[in-house]
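The values are calculated or read from the model by the stated rules, or taken from the named source; none is laboratory data. Because the structure is a prediction, the values reported are computed rather than measured. Neighbour counts are summed over all protein chains in view; Cβ atoms, including those assigned to glycine, are modelled from backbone coordinates with ideal geometry.
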Amino acid sequence: MLSSRLFWKLFFVYALLSAVTAASVITILSHRLREISFEQESRRLHDSATSMVGLLAGSFERTHHQDLAAAVRTIATENRTRITLIKEDGVVVEDSERNPSTMENHAERPEVKQARQTGTGSAQRLSPTLGIPMLYVAIRLGDESAPYGYVRLSVSLNAVEAEIDFVQQLVVGTFLVVSVLALAPMFLILRRMIQPLTKLKSAAHAIAAGELRQMVRVDRNDELGTLAEAFNTMSNDLSARMFELRKTGQELRESSQLLSTVFGSMIEGVIAVDNDENILFANEAASELLDFGDRDVTGRPVWECVRSDTVRTVVREAMSGQERFAECQLPRNETIVEIEATPLTQDPCTGVVLVFHDVTELRRLENIRREFASNVSHELKTPLTIIQTSAETLLDGAVDDTEFARRFLNRIDEQGHKLHDLIEDLLQLARIESREQAFDLTSVSVRQTADLLVDELTALSEARNVSLEVDTSADDVNVKADERGLQTILENLLSNGLKYTPEGGRVGISWTSDAAHALISVRDNGVGISRENQARIFERFFRADKARTREIGGTGLGLAIVKHLASSFKGEVTVESEVGRGSTFTLRIPLWQKAGESPIYS
């Protein structure tokens, strides 16, 4: 309780009020005491002077008589006053303190002048004779028209002030004692008042710290008791409500965690928007899909974070209460998304949930499928048309002309082989993609494979006057692959190099290895591939220069087969090229680690 600031505030306020009251009373009493003391002293002097008038009436006819002086001093001593006898003209006849002959004329003294006019005069001043403050009372002897002298009594004000100070000290001491004695019961009263408040404060702090069930016992029937009872009721109600809130909060947290887990595991981007088009929530997939980065988009307008007129239009249309669907390409990363906008509530609409489906790959595959269908149709149509026209020409009579018949039959045979190669490549590519073709992954020597292919392609290189070289400085490495599949990969790469390299050029194959992979490179100094076409050359039927490709032959499926075979062997193929300076195809394929593994299907 002694640490209670309220207690000390009230206690000091009471002490201050007591001090102010005491000071006020002491000041008033002192002033009044001074007035009473001076009044009493003036009356005493007046009464003494009046009683002396009869005794001293004949004394004014003598000047400084020895008996008179003794009588004056005796009376002055008895009355503790100073007595002065003054003639009508102001000459001092006798004085109890000083020799009259040494004293100046007193006719102009204020008390004498007042007594001359009214019969009695008084004054307070510094005595010129004694040099101390004095109270003077003078009484006129005789009538106003014929006065013959004055009796003046005076007393030192120092003595009066001493008496007044003594009384004041007594009063002050009395008030101090009374005030101190009054503070003791006030201390007890305040303590009795503050104790319940201290208990309430401690209980309130405990509630703030989480200890909700607090009971304060105050055995009183006044307002503090009522306050304690209300506090206890509040504590019980708060404890009960907090229990319910905690239970509800736990359920909400579990639901929130469940939703966060669900939304976080979704591959679709989810964004919740309020009716002001500000983002309330965005899952991780949405941040990645819409390229939010590390920005906190919560509370920001959706049109500011997703700069798409389609998104803004879908949101505003969904605010009407109906689901909306749209597809758009995001400007930042050129991703194609399907947008599904669902209102949170119907009437009124408080927001919209946007679900973004990334359909970029789907649209790319659809486009590839359309191109594939178109290319297959075109590639099949050309040889079939040539075969059909040649057959019709023969049927129309050219069969009888041996020279023309042989020419058209050669064309039919040539296009039949081309059609057969195309169908074989299509079937092989289909088997690889469907993982129906079995590959016997064994240890395959890169050098032996390269030497074998160089021997097979020597005739083609000589026919095109292109040099075909093998890097003999590299150490042989064994890779984990299907022997026939690796031959197909390298044969396609070398054949393309020979076909697209002009006369006098060169095509070479080399290899290196790291800790786990072999890097097999096929280089040429041919026509090269433009940067924009390098990403598409592994697509089916893609031709950077369609006229040149058809001129030199080929089905347009060789690099597609290379890509899928490399993937089946857990490898990959890349290209680096510059138009006019040639190309480098690099096959990265795992090294052979151990022998004896059984065939697998890829």
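For this structure, a couple of remarks:
- Strands (runs of 3 or more DSSP E) fully within segment 279-343 counting 2 or more residues that are among the charged types (D, E, K, R) and surrounded by fewer than 19 Cβ atoms within 10 Å (Cβ to Cβ): 336-343
- A373, sole failed condition from (1) surrounded by 13 or more Cβ atoms within 10 Å (Cβ to Cβ); (2) modelled with pLDDT under 80; (3) under 25 Å from L557 (Cβ atoms): (1)
- Qualifying residue in segment 401-418 (condition: modelled with pLDDT under 80 and outside any helix (DSSP H, G or I)): yes
- Total residues in segment 258-293, condition under 25 Å from T360 (Cα atoms), of a type in the set (S, T, Y) and at pLDDT below 80: 1
- Residues considered: V314, V352. Of these, the only one that is under 29 Å from the mean Cα position of the chain (by Cα), at pLDDT 85 or above and farther than 19 Å from I267 by Cβ is V352.
- Any hit, segment 26-39, residues being of a type outside the set (A, V, I, L, M, F, W, C), on the phi > 0 side of the Ramachandran plot and modelled with pLDDT of 80 or more: no
- Being of a type outside the set (F, W, Y), more than 18 Å from H46 (Cβ to Cβ), assigned to a strand (DSSP E or B) and in the same structural domain as A23 (by TED's automatic domain parsing) is true of E94.
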